[in-house]
Structures are given as structure tokens and as C-alpha cells.
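Q: Submitted below is the structure of interest, expressed as C-alpha cells.
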Amino acid sequence: MATKYDLRLLEAEPPAESAGLAWDRRSFLKAASLPCLAACAAAAMGGRNAVPLFAAPLAEDDSQFVKEARFYDKQPYRKIKCKLCPRGCAIDDRERGYCGVRENRGGTYYTLVHSRVVTAHIDPIEKKPLFHFLPGTVAFSIAAAGCNVNCKMCQNWDISQVRPEQVRSNYAPPERVAVLAQQNNCPTVAYTYSEPVVFYEYVADTAEAAHRLGVKSVVITGGYIQQEPLEKLCRQVDAIKVDLKGYSEKFYKEVVNGELKPVLDGLVTIRKHGVWNEIVYLVIPTLNDSESEFEGLAKWVKSELGPDVPVHFTRFHPEYLLKNLPPTPVETLERAKAIADAEGLHYVYIGNVPGHPAENTYCPKCRKIVVERTGYTVGTVHIHNNKCQYCQQPIPGVWRS
Amino acid sequence: MPTDTYGQTRRTFLRRGGAVCSALLTGGVQGWLGSQVTFAAVPPQSRLVISRDPNLRSTPTSLDSSRLVNCLDRAMQALHDCDSPLEAWRKVVRPGEVVGLKVNCLAGRGNCTRPELVNAVCERLQQAGIKDIVIWDRLNSDLESAHFKIVERGSGIRCFGNDVLGFDEDLAVFGNVGSLVAKTLTQVCDAVINLPVLKDHGIAGVTIALKSMFGAIHNPNKYHVNVCDPYVADVNMLPPIRRKVRLHICDATTAQYEGGPSFMPHWTWPYNGLLVSRDPVALDYTGWQIIEKKRAEVGMKSLLEMKREPTYISTAADAQHKLGNYDPDFIKVVEV
């Protein structure tokens, strides 16, 4: 492959800025190719505080990103069986798995995306969203190309549903990411935007490098992963946010192109290992917004994970292959929250509706606001020593001392 | 796919805005909206020509070029009811068009579209008045592994992979498929001749004409579930592909009945022929039967028993796709 990687400036996103205004150089270059809008785009770009994050060495091929993959079996005739995600791809020589970023080369399986960053931002941790994990801080957020499902509602399909050589990338080895996070006052590195499961080796190595510098790691994932790699990952990262995309196998089969059960099993595993976990449920009109699904989800979370796991019901916006559906009515999200509240979950949030009261964290005992939020902006935090400052009720999470 | 985005709204806005502006500048709203394409109906009966020559090989591994050209000529004349090969080719392409030759080189030199066949097609196209020919597949490295020489620029015959020009920026969507289509197909070629190979496929059952078009999209890895059904059919329905692919010439000089798509020499046999048709469904159905027959001869289980029957072929003929004829009663096989 003769892809060339050039020096590139990736933009640091101010913590308080909305996602709608965040964009990287790739988006800019794409937009600038449209002459009628180039002037506008350049003007918008000029107003931002761009900082050099990666100084990527020029490469004539992709060898710097290629490392032998973990979690696979060798089989006869140079075939391999991937054991990273429940899909369990059987892959012939010179072919790739469903994710598009792991390739069989002569009977050995390789990841093609180690240290291969397609986008990087400094985001508020609330954008992930993680509401009970160091609120008000920022996360050094990175992604590599690829995903092991193909959600019809994907918001980032142009990096998740492509092969790594089809998008511009930068070389960012783990140690470099850790140092950059520290230099930019980010207490965490977030592996996000696409699907960290498919760049597992990079996540594991970066988490290790970051921990050496006192920087934590959070994984933002669909949770479609086999048990063995998940259990190892749980020992290396500090929080995992799982997108539970629906609560029926039918939805997972038809809309996600995956399976529900392994995701539920994974959530139990995460809980068992004591890694901080939050759940996001993107509510899509007509597809996963029935009361029975909300009830089923809430009952399952309470019985299998406990009432303290935060659940975020977030608003869908038409994207990718679901442009025919409208945004989720706020009333639907409120109905979902009411059902989950009634089932006894303690921390149920509404997302992608800036200014909604359900963005705040309420003490489940005295019902006072203990973390104020508006969009991604955090106001006063009334938690001291992991307890509500009003009634001393323990509030689960990872809080700043 | 996590809900955490990285700037989608603005990017989407710019892209959509750009598309609107471009349309207004180049053709106005009428032109922008008027991009719907209608396709020819499936003929009541499809013709498929099998052209074979038992003496096609000069050695076990090399082909006799003159016999191969003869094989091709007989097939083209029989398919189009013409007295000369050039007359037949002129029913496929028009002078001045840029003609793409989609080859299949995934398995390398062992079982790919043979350069000797591609040379024969190029020769006839040039005689039919075609000056610009582009030989293409997924990657330059794939083409090189099949002994094609990369020629990215210049006039005449070029040869390069999709990694040279990349893919369109806007999704082409049909059914369960949403893909970016290779610019080589959408922006360079006026017409495409598909030159697949005849072989078994460990997931799809077989890979012949229809599945070869996975090499025209950016995300084929997403469409290998459920024996590739309905994805193969859906990919062939993507407007740029359906609009431009005109003819299918399957290289069955060497065929493979097990172990594909990788080259497994112990599961290949010299079929010494070409399968030529305008109907990819008829071609795939017929090719699949040839592979099944060979599997039965050597005592292997059928693809149905192996749980990889290529159901996508019948899907391609259903009411939603109408890509060709699946019923053998409506496929006229002519052997020459």
C-alpha cells in the first residue's frame, strides 16, 4: 500500500464547546474541496485554537501500524479464527475480518490500526457521556478506523465503517498519547468515536503507558466483545461506557448487525470486575422506543447490575442509513426515564437535550442536585468524600478529591 | 458505534451544503433532482455462452494466447449472433467510451483473471474503436500479485487499484447496503466489463460475477454475513454499478471447487473455458452448478450441505432486484 502520511494538525476542542461545532482537519479538507463553501470553512477554521498534537513521520507504507493481533487461533490452510468479538470471523489468507482492520497475512493475524489515529480531540468527559467519572474534566479522545458492527444510525460512519487506508491517519504510539494527555491536563485518555474493541491492542498498550504517567483510561464501546479479551481489558482501564443499542435481539440483528446477549453478558462481566460503568441507550423512534423495551432494560439493569449504574437515554438524530426517521421526541425520552425511575434505578439521565433537568445528578435519598450540568458544562458539584454533601448518601462513581 | 461524535453536524452540513451548491452551479435544481435512472427490464430469456477448448493450455500453467482469443471470439459471436467478433464488441461498447475491465485478483496469480484473457479483451476493444481502457480491482498490490503491471497515468491502457483514486464521498444505498463506490467506476469509466473467476467461496458459497462487484465498494467486509445474502444482490443494485456494468466474461480457464477465495491448487481443475453473458444471475447460477457438479464428482458435500448455498443468486433475481434470470428454464446455455 502506498499511502502517505503527512504532518497534520489536529484541533484541540475547547472543553465547553458543543459537539456540533467540533471538527477536525479531515472534515475541513473535505469541505474545502467544495469551492462554494471553502471561504466559509476557512473563516470558521481560523477562529479556532489549533495546536499540533501529532507530528507524524512520513511513511511509505503502513508497516508502523501493523502488529500481530491478540485473540485468534491459527487453522489449516493459512486460515485463522478471530476470538476478539462474538462474531468469530473465520478469515482466509489475505482477507480481513468484519471490522476491516484486522488482516490475515499468510496465516498470521494482524491489527492494522495500532497507533493509527484518525481523529483526536480534547473533549469534556460529559460528552462521552460519563457523568459519574471525574465530572468537569476533559478527556484526551482518540479513535482508529473500524467497527465490529454496522449500526444503521451510526453518527461516525465515515471513520467507523471504513478501512484504515481509506482515511487519513497519524502515527501516535501509546507513549506519545500518554504524554500529550498529561501535557494537555487531561486526567483521562478516552478511546471513542469509532469502536475501541477493534483497536484493542492499541487501547491496552496506551492504557498501560498512560497509567505509568498517572493518566486514566476510559473506553466508549458498543460492548460487542468476547469474554476473555473483555476480562483482560477490565484489568487495564478505569471506566467503560457501553452503548446498549436496544433491548431486543431483533433490533440488534436488523439495525445493529450484531447480537444483544454478548453485550449483556459483557456488562455483567464489567460489573463483576468493579470497573466503573455507565450505559447509554440511544432511543430511535419506532425502532427501539417501546415501553416494553424500556421496562425490560430497566428491570435487567436493576437485577443484574444493580440500581446504581447510570443509564442515559439519549436523543437520536437522523444519520447514515436512518435518515428517514425524525429526531426522538423529548417526551419519549422522558417516558423512558419515568419507566426506569419507577423500576428503581437511581441515576437515569436524558442526553442530547441540552438544558434538560435530567442532565443533573440527583441524590437518590434527599433528591437534591449533587452535580449540576447544562450540556457538557458542569456547574457546582455537591459531593464530598464520595457522598452527598446534604445527606451523606454515598454517590457511586469516581469523583475528584 | 458509540454516540460520542467528533464534529459530525458541521461536517454533514458542509457536505450537504456543498452538494447543493455544486448542483446549482452545474445543472440547477432540475439537474440535481433528475438523477434517477431507469434500468432495462430483465429479458424473458437470458443467453449464456460457454466457450471451451481442451487444448487451451500450452503448458499446465500457461495458456495458448491465440486459442484463448479464439475462445473469446466464439463466445462473443455466439452471444450476440454476429458473424464477426468486432461486430459483437460494437454491440457492447461505443467508440469514445472509457471502458473499465473489472478483474478479480484477490487470490493472486494462481486463480485470478488471467492477464492473457485481459489482453485479448483489450485487443478486441481497441479494434472496436475503444482508446481508453482501465483495468482495475481493489488494490494495486492485488493486481501486481496477479502479474498485472500498474499504469496509473497516460492514454491507452491503464491499470490500477481502487487505492489510487479512492471512493466517492457520498453513500450509495440500496436495501441493506450503504457503500462508497470506487471513483474508478463512477468517475473514470463509461462502461464496465466484469471479468470474474469461477471459484468456491468459504463464506458466500461461490464467487463469480455478482460477488466480484464487492471489489467496487469500500466496505465489503461488512457484507459477508448470512452467506452474503442479500448483500451481494444489493451491491449490484447500487445505481453506478447497475448502470455501467454491461457484460460479464468469467475466466474459467482454471476453476476452484473448494477452499476459496484463497488459491488452493489441490482444489482447482482446468475447466479450460469462458462463461459469457449479459446476465450476471444466469452466469452465477450456471457457474454454481458447474462447481456443484465438480464437488459431487470428487465426493464432496454440496454447498447446501456445507451450509453455504449461495442464496444471494436467487435474491438477485427476485422482485426487488430483477438483476437477471435464475430459473434454468429461462437461461439458454449455448456451448461453443
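Q: Here is a list: A:Ile339, A:Ile383, A:Ile369, A:Ile395. Which entry is in contact with a helix residue (DSSP H, G or I) (Cβ under 6 Å, 6 or more places away or on another chain) and among the β-branched types (Val, Ile, Thr)? Walk me through how you get there before you give the answer.
A: Numbers: A:Ile383 fails: in contact with a helix residue (DSSP H, G or I) (Cβ under 6 Å, 6 or more places away or on another chain); A:Ile369 fails: in contact with a helix residue (DSSP H, G or I) (Cβ under 6 Å, 6 or more places away or on another chain); A:Ile395 fails: in contact with a helix residue (DSSP H, G or I) (Cβ under 6 Å, 6 or more places away or on another chain).
One residue alone meets the criteria, A:Ile339.
Residues checked against (1) free of Cβ contacts under 8 Å to residues at least 40 places away in the same chain; (2) not in a loop (DSSP other than H, G, I, E, B); (3) not aliphatic (A, V, I, L, M):
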position	(1), (2), (3)
B:Thr253	no, yes, yes
B:Gly259	no, no, yes
B:Trp269	yes, yes, yes
B:Asn272	no, yes, yes
B:Ala282	no, yes, no
B:Trp288	no, yes, yes
B:Glu305	yes, no, yes
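Q: Looking at region B:89-103, which of its residues are assigned to a loop (DSSP other than H, G, I, E, B) and more than 21 Å from B:Arg74 (Cα to Cα)? Spell out the reasoning first.
A: Pass one, region B:89-103, residues assigned to a loop (DSSP other than H, G, I, E, B): B:90-97.
Those that are assigned to a loop (DSSP other than H, G, I, E, B) and more than 21 Å from B:Arg74 (Cα to Cα): B:Pro95, B:Gly96, B:Glu97.
Q: Now for a separate question. Return only the number of the condition from (1) part of a helix (DSSP H, G or I); (2) farther than 24 Å from A:Val378 by Cα that A:Asn288 does not satisfy.
A: Among (1) part of a helix (DSSP H, G or I); (2) farther than 24 Å from A:Val378 by Cα, A:Asn288 violates only (1).
Q: Additional query: Looking for something small (Gly, Ala, Ser) and surrounded by fewer than 24 Cβ atoms within 10 Å (Cβ to Cβ) - is there at least one such residue anywhere in region A:128-144?
A: Yes, there is a match, as at least one residue in region A:128-144 is small (Gly, Ala, Ser) and surrounded by fewer than 24 Cβ atoms within 10 Å (Cβ to Cβ).
Q: Moving to a separate point now. Out of all the residues in region A:78-113, which are out of contact with any helix residue (DSSP H, G or I) (no Cβ under 7 Å at 6 or more places or on another chain), of a type in the set (A, V, I, L, M) and either within 17 Å of A:Glu195 (Cα to Cα) or surrounded by fewer than 24 Cβ atoms within 10 Å (Cβ to Cβ) (or both)?
A: Listed by number, the list holds a single entry, A:Ala90.
Q: Something else: If we scan region A:327-336, do we find a residue that is outside any helix (DSSP H, G or I), in contact (Cβ under 8 Å) with a residue 12 or more places away in the chain and under 11 Å from A:Ile350 (Cβ atoms)?
A: Quick first cut of region A:327-336, residues outside any helix (DSSP H, G or I) only: A:327-329.
Going one step further and asking which of them are in contact (Cβ under 8 Å) with a residue 12 or more places away in the chain, we end up with A:327-329.
Then keep just the ones that are under 11 Å from A:Ile350 (Cβ atoms); that gives A:328.
Checked against the condition, which is being outside any helix (DSSP H, G or I), in contact (Cβ under 8 Å) with a residue 12 or more places away in the chain and under 11 Å from A:Ile350 (Cβ atoms), region A:327-336 yields at least one hit.
Q: Answer yes if at least one residue in region A:259-267 is crowded, with 24+ Cβ neighbours inside 10 Å, charged (D, E, K, R) and not in a helix (DSSP H, G or I), and no otherwise.
A: Scanning region A:259-267 turns up no residue that is crowded, with 24+ Cβ neighbours inside 10 Å, charged (D, E, K, R) and not in a helix (DSSP H, G or I).
Here is a yes/no grid of residues against (1) buried (at least 24 other Cβ atoms within 10 Å of the Cβ); (2) part of a helix (DSSP H, G or I); (3) not aliphatic (A, V, I, L, M):
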site	(1), (2), (3)
A:Ser194	yes, no, yes
A:Ser217	yes, no, yes
A:Val237	yes, no, no
A:Lys253	no, yes, yes
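Q: Now, a different point. Go through B:Leu171, B:Leu238, B:Leu247, B:Leu180 for me and flag whichever is away from chain A (no Cβ under 14 Å) and at negative phi. Explain how you work it out, then say what you get.
A: Values: B:Leu171 fails: away from chain A (no Cβ under 14 Å); B:Leu238 fails: away from chain A (no Cβ under 14 Å); B:Leu180 fails: away from chain A (no Cβ under 14 Å).
Of B:Leu171, B:Leu238, B:Leu247, B:Leu180, the one residue that is away from chain A (no Cβ under 14 Å) and at negative phi is B:Leu247.
Q: Ok, one more. Please go through region A:142-162 and pick out each residue that is in a loop (DSSP other than H, G, I, E, B) and of a type in the set (Gly, Ala, Ser). First the steps, then the outcome.
A: So in region A:142-162, the residues in a loop (DSSP other than H, G, I, E, B) come out as A:144-156, A:161-162.
Those that are in a loop (DSSP other than H, G, I, E, B) and of a type in the set (Gly, Ala, Ser): A:Ala144, A:Ala145, A:Gly146.
Q: Based on what the data block shows, is A:Gly223 assigned to a loop (DSSP other than H, G, I, E, B), over 12 Å from the mean Cα position of the chain (by Cα) and either within 13 Å of another protein chain (Cβ to nearest Cβ) or farther than 30 Å from B:Val173 by Cα (or both)?
A: On the way: assigned to a loop (DSSP other than H, G, I, E, B): yes; over 12 Å from the mean Cα position of the chain (by Cα): no; either within 13 Å of another protein chain (Cβ to nearest Cβ) or farther than 30 Å from B:Val173 by Cα (or both): yes.
For A:Gly223, the condition - assigned to a loop (DSSP other than H, G, I, E, B), over 12 Å from the mean Cα position of the chain (by Cα) and either within 13 Å of another protein chain (Cβ to nearest Cβ) or farther than 30 Å from B:Val173 by Cα (or both) - is not met.
Q: Among the numbered criteria (1) of a type in the set (Phe, Trp, Tyr); (2) within 14 Å of chain B (Cβ to nearest Cβ); (3) over 20 Å from A:Asp243 (Cα atoms), which one does A:Tyr362 miss?
A: Condition (2) is where A:Tyr362 drops out.
Q: Applying the selection to region B:291-306, what residues are under 21 Å from B:Leu210 (Cα atoms) and in contact with a helix residue (DSSP H, G or I) (Cβ under 8 Å, 6 or more places away or on another chain)?
A: Within region B:291-306, B:Ser302, B:Leu303 qualify.
Q: I'd like to know if region A:96-104 contains one or more residues that are facing chain B (nearest Cβ under 10 Å), under 19 Å from A:Ala69 (Cα atoms), part of a loop (DSSP other than H, G, I, E, B) and among the small types (Gly, Ala, Ser).
A: yes
Q: Additional query: Against the definition (more than 12 Å from every other protein chain (Cβ to nearest Cβ) and modelled with pLDDT of 95 or more), how does A:Tyr109 come out, yes or no?
A: On the way: more than 12 Å from every other protein chain (Cβ to nearest Cβ): yes; modelled with pLDDT of 95 or more: yes.
Answer is yes for this residue.
Q: Here is a follow-up. Can you tell me which residue is nearest to A:Tyr252 (Cα to Cα) among those in region A:83-95 that are away from chain B (no Cβ under 12 Å) and out of contact with any Asp or Glu (no Cβ under 8 Å at 6 or more places or on another chain)?
A: Of the residues in region A:83-95, the ones away from chain B (no Cβ under 12 Å) are A:83-86.
From what's left, out of contact with any Asp or Glu (no Cβ under 8 Å at 6 or more places or on another chain): A:84-85.
Working: A:Leu84: 19, A:Cys85: 15 Å.
For region A:83-95, the residue satisfying everything is A:Cys85.
Q: Moving on to the next point. A:Glu254 - would you say it is more than 14 Å from every other protein chain (Cβ to nearest Cβ) and over 17 Å from the mean Cα position of the chain (by Cα)? It would help to see each step written out before you state the result.
A: Values: more than 14 Å from every other protein chain (Cβ to nearest Cβ): no; over 17 Å from the mean Cα position of the chain (by Cα): yes.
No, not satisfied.
Q: Within region A:172-212, track down each residue that is within 14 Å of chain B (Cβ to nearest Cβ), farther than 24 Å from A:Cys82 by Cβ and in contact with an Asp or Glu (Cβ under 8 Å, 6 or more places away or on another chain). Explain how you work it out, then say what you get.
A: Initial filter on region A:172-212 (within 14 Å of chain B (Cβ to nearest Cβ)): A:188-199, A:203.
Filter once more, so that each one left must be farther than 24 Å from A:Cys82 by Cβ: A:188-190.
Scanning region A:172-212 gives A:Thr188, A:Ala190.
Q: Does region B:262-313 hold any residues that are modelled with pLDDT of 95 or more, crowded, with 18+ Cβ neighbours inside 10 Å and among the small types (Gly, Ala, Ser), and which are they?
A: Hits for region B:262-313 are B:Gly273, B:Ser277, B:Ala282, B:Gly287.
Q: Residues A:Leu287, A:Leu325, A:Leu282: which one is crowded, with 21+ Cβ neighbours inside 10 Å and more than 21 Å from A:Thr192 (Cα to Cα)? Spell out the reasoning first.
A: Working: A:Leu325 fails: crowded, with 21+ Cβ neighbours inside 10 Å; A:Leu282 fails: more than 21 Å from A:Thr192 (Cα to Cα).
Criteria check complete, one pass: A:Leu287.
Q: Further question: Residues in region A:129-139: is at least one touching a Pro at 6+ places or on another chain (Cβ under 8 Å), more than 11 Å from chain B (Cβ to nearest Cβ) and of a type in the set (Val, Ile, Thr)?
A: yes
Q: Mind listing just one residue for me: the one in region A:291-322 that is among the aromatic types (Phe, Trp, Tyr) and crowded, with 20+ Cβ neighbours inside 10 Å and, of those, farthest from the chain's Cα centre (by Cα)? Explain how you work it out, then say what you get.
A: Our first condition is that a residue be among the aromatic types (Phe, Trp, Tyr); within region A:291-322, this holds for A:294, A:300, A:313, A:316, A:320.
From what's left, crowded, with 20+ Cβ neighbours inside 10 Å: A:294, A:313, A:316, A:320.
Values: A:Phe294: 22, A:Phe313: 15, A:Phe316: 16, A:Tyr320: 18 Å.
So the residue we want is A:Phe294.
The values are calculated or read from the model by the stated rules, or taken from the named source; none is laboratory data. Worth saying up front: this structure is predicted, and the values here are computed from it rather than measured. Quick reminder, even Gly has a Cβ in these numbers, built from the backbone with ideal geometry, and neighbours come from all protein chains shown.
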